[in-house]
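A short worksheet on the structure shown next.
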Amino acid sequence: MNELSNLRKFVAPEYVYGFGSRHLLSQYAHNFSFDKILLVTDNGVKKACWIDEIKSDLISEGFEVTLFDNISPNPRDYEIMQGVKVFEENNCDSIIAVGGGSVMDCAKGIGISSANKQHILEFEGVDQVNIPSPPLICLPTTAGSSADVSQFCIVTDSSRKLKIAIISKTTIPDVALVDPEMTISMPLTLSVQTGLDALTHAVEAYVSNASSPMSDINALESIRLIYKYMPKVFENPNNEEFRNKMMLASLYAGLAFSNASLGGVHAMAHSLGGLKDLPHGLCNTILLDKVMNHNFDSNPNKFRHIAQIFNLKTDSNTSQYIKTDLAKFMKDFKKSLNIDKGFGEFGLVEKEISQLAHNAINDPCIVTNPRKLSINDLKALYEQSI
Ligand SMILES: [Fe+2]
């Protein structure tokens, strides 16, 4: 084997973590010489009042601020291109994103497309972006997507009805201000879905065939925190300490998957998100236990480590016992968080599975799944998830 094939890089943006870190925004905007800012957000975040506070702080510091909030969950290509138009018409030189994964992906897309003067769909795949984007600061309001630290930008291709992945170092924000206080007002259902999205990031990064000791340490710590604190947030969503731990878990998971990439769950979830326009976290939540079970035999040792974190018996048990216990645990864990549904309840029908499987097999995330997934495997996994 070529020894260079074992080399692993690890990239991360500058980030400031902790309660109140959002108050550093103006200082960072001055440091980067921002002048005319495109402030990207959505209606859900606007209701939480963060935008009013952030916008007035920026204006009082002398910045010109243009608001762009015409974004739906699973941001569409045309929404991004509309954002590019607003960015250009207002001669903006910088972008600030305040929101969850959809908002941050949209902001990344606006930056990519405006800098390169091309339609956003032309950048699908790995390392397809040539010109760096305008400076971008992200303030996440959910504990899950980690788009604020990742090399990923996910966009819905509205005509093909599928989500494309743009994976490039140029999509990493210049600064992330990760303030757990901004997640406290998040509705409980969204908290659970985004929390289990983070768990999926951590698990897929840990067992990814591009993982490394640097990504592993982040992934494992993330799984530990989510196992301990997701149920606590579910019971007591207003507790600052529990929210803090989930935000930290999301950050660790983001650092892990941004560098180790993801796997079959995300490939299948992107396909579902595009065709059925379902929430990303929900798709991952329904799929995770099935794909883990499918992947188990590809790396029993790593799945044993995950089982240990979940306090399952692993010392004397054979791999097959651990596999069974882990599958049961994952189902029970989801049930305890009030997620016990299949895609049938969200409108998926059998005849759509073939299309979903064909889209999923072309998703870049499938490349790092630890076990090769065929079209038939994907169809079987979707069928199990209906
Ligand atoms: Fe995700």
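In segment 189-297, which helices (runs of 4 or more DSSP H) lie fully inside it and hold 2 or more residues that are closer than 25 Å to residue 328 by Cα, among the aromatic types (Phe, Trp, Tyr) and more than 16 Å from the ligand (Cβ to nearest atom)?
Counting at least 2 such residues, we get 213-235.
Please pick out the residue among 322, 339, 306 that is under 30 Å from residue 7 (Cβ atoms) and either away from the ligand (no atom under 16 Å from the Cβ) or part of a loop (DSSP other than H, G, I, E, B) (or both).
Result of the check over 322, 339, 306: 306.
Given the conditions (1) among the hydroxyl-bearing types (Ser, Thr, Tyr); (2) over 24 Å from residue 158 (Cβ atoms); (3) crowded, with 20+ Cβ neighbours inside 10 Å, and given that residue 56 satisfies all but one, which numbered condition is not satisfied?
Residue 56 satisfies all of (1) among the hydroxyl-bearing types (Ser, Thr, Tyr); (2) over 24 Å from residue 158 (Cβ atoms); (3) crowded, with 20+ Cβ neighbours inside 10 Å except (3).
Looking for something without any contact (Cβ under 8 Å) to a residue 12 or more places away in the chain and surrounded by 15 or more Cβ atoms within 10 Å (Cβ to Cβ) - is there at least one such residue anywhere in segment 370-382?
yes
Please work out if residue 256 is surrounded by 18 or more Cβ atoms within 10 Å (Cβ to Cβ) and farther than 17 Å from residue 197 by Cβ.
So residue 256 does not fit the description; no.
No value in this document is a laboratory result; all are computed from the given coordinates. What you are looking at is a predicted structure, and each value in this text was computed from that prediction instead of being measured. Note: ideal-geometry Cβ built from the backbone for every residue, glycine included; neighbour counts use all protein chains shown.
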